[in-house]
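Step one of this worksheet: look at the structure below.
The values are calculated or read from the model by the stated rules, or taken from the named source; none is laboratory data. As the structure is a computational prediction, the values presented were derived from the model and not from experiment. Methodologically, a virtual Cβ is constructed for each residue, glycine included, from the backbone with ideal geometry; neighbour enumeration extends over all protein chains shown.
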Amino acid sequence: MNKIFKNYSLLFFILLIGLFVRTFRINEAPSRLTHDEMSIGYNAFSIAKTGLDEWSRRLPLSFEAFGDHKLPGYIYSVVPFISILGLNVISLKLPSIIAGLVIIIFGYLITFKITNNKKTSLFTALIIALSPWPIHISRMALESNLALAFYSGGLFFSLSIFDKKVNKEKNNQNSLIKLSLSGLLFALSSYTYIAFRLISVLTLISLLIINFKQKSDLKKIFIILISFIIFLIPLSPQLVGKSGSARFSQVSIFSDDGITAKVTEQRNFCFLQRQPLLPQLCKVFYNKYFYIAEKISKNYINFLLPTFLFIDGDKLEYLNDPDFAEFLIVLIPFYLIGLYQIANINSKKTIYILTAFLIMPISSALVGDPQIVRGSGLLLFVSIFSSIGINYILQIIKNNKLRNLSSIIFIVIFMLGFTQYFISYNYKLPTTLRSGY
């Protein structure tokens, strides 16, 4: 026990800080519950007391609410807390708070798995613990935050296929457990938030493609896939039914009537020019599929750019402090350097992580502008790449004293930025939002 504490003492300290900033004034900031949070709370309370949802359905795997169908993951995770603590803000948000701490742990473990560097891993944990994006979604009863915790675990355990210590029977047993856990956790993310259904499937497909030529690795991947499919079987009626795609059909770009109107407007303009070939050319260049592809591409690229991540942030008022972006601006150069570094490491492990990173914005891009709930998984990779960039810069500095001084200077600048955010988020923002209602 003492050895574990010695090896992970700094990580424990970061987790304590993370817990504090995720629970401090939790009843005041955010200033009120959203409609989705209220719906989750009511259904969880009803399940805890009667075993029925608000429509008197017994232990459903799909919860109909406000014209939407909610997934069961977060609602059932709240049930034990409501049973013990009663229906209140704390019991409603506890699964998300715990998920936020789990994401810090898996961020550390994934980084260590990639870099084998404890300092880099601690930087990842620190960035996740104290950045606006992970803090805010951990302080709300958000399905996506819990789904990200499950996904992070699935991603970490899936990295075990790259471990080469599989000669002994004990190691084979450990490998089987890790691979089965990976499939289970990826499946749980699909039970919790709809965006992670697509993300988890694409992540597993990328893992299969990357290791397609390695028979020993293929066997491991099939264990993950079989585990994933088995645990998804109870959800299969919803996956193929209307409830599974109800929300996506409401908000996706494919259902945007504005695109049809724009195409019609452009084509009408071409016809009015009275040029023989122009209408035919316009049919080629002005069509629904062209505009959808263009819109998705813009949404996707905007999500990955530093502008959204470090300068502007989410446009939705309830998801963002307007004075801050999703990550502190001091991390911009380190994010770009880390992304460049990981893209230039020629190993299956890093290719897998980079591919998972590129998959993350897809769900959000299919719906609209970058949004921190639909694209919550991106925060994990931005934190990892930023920490890799920080470590790379520090390694360039050969003098140990100067390197240590540079580390301290970075941490001081980072903490100053965090302190500004912490004060604004907990005191200024709640007052502003309350006065706006």
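Quick check on region 163-182. Is at least one of its residues surrounded by 24 or more Cβ atoms within 10 Å (Cβ to Cβ), of a type in the set (S, T, N, Q) and more than 24 Å from Ser206 (Cβ to Cβ)? For region 163-182, residues surrounded by 24 or more Cβ atoms within 10 Å (Cβ to Cβ), of a type in the set (S, T, N, Q) and more than 24 Å from Ser206 (Cβ to Cβ): absent.
Of the residues that make up region 72-89, is at least one surrounded by fewer than 23 Cβ atoms within 10 Å (Cβ to Cβ), under 30 Å from Phe357 (Cβ atoms), out of contact with any Asp or Glu (no Cβ under 8 Å at 6 or more places or on another chain) and assigned by TED's automatic domain parsing to the domain that holds Lys164? No; the residues of region 72-89 include none that is surrounded by fewer than 23 Cβ atoms within 10 Å (Cβ to Cβ), under 30 Å from Phe357 (Cβ atoms), out of contact with any Asp or Glu (no Cβ under 8 Å at 6 or more places or on another chain) and assigned by TED's automatic domain parsing to the domain that holds Lys164.
Here the condition is being in the same structural domain as Ser131 (by TED's automatic domain parsing), at pLDDT below 95 and farther than 21 Å from Ile161 by Cβ; of Tyr335, Tyr318, it holds for Tyr318 alone. Just one of the listed residues (Leu101, Leu155) is in contact (Cβ under 8 Å) with a residue 40 or more places away in the chain, under 30 Å from Pro237 (Cβ atoms) and not β-branched (Val, Ile, Thr), namely Leu155. Within the option set Ala44, Ala48, being more than 24 Å from the chain's Cα centre (by Cα) and without any contact (Cβ under 8 Å) to a residue 60 or more places away in the chain holds for one residue only, Ala48.
Looking at Ile397, Ile393, which is the one that is surrounded by fewer than 20 Cβ atoms within 10 Å (Cβ to Cβ) and either free of Cβ contacts under 8 Å to residues at least 24 places away in the same chain or among the basic types (Lys, Arg) (or both)? So that I can check it myself, show each step before the final result.
Numbers: Ile393 fails: either free of Cβ contacts under 8 Å to residues at least 24 places away in the same chain or among the basic types (Lys, Arg) (or both).
From the options Ile397, Ile393, the qualifying one is Ile397.
Just one residue in the set Glu28, Glu64 is over 14 Å from Glu143 (Cα atoms) and part of a loop (DSSP other than H, G, I, E, B); that residue is Glu28.
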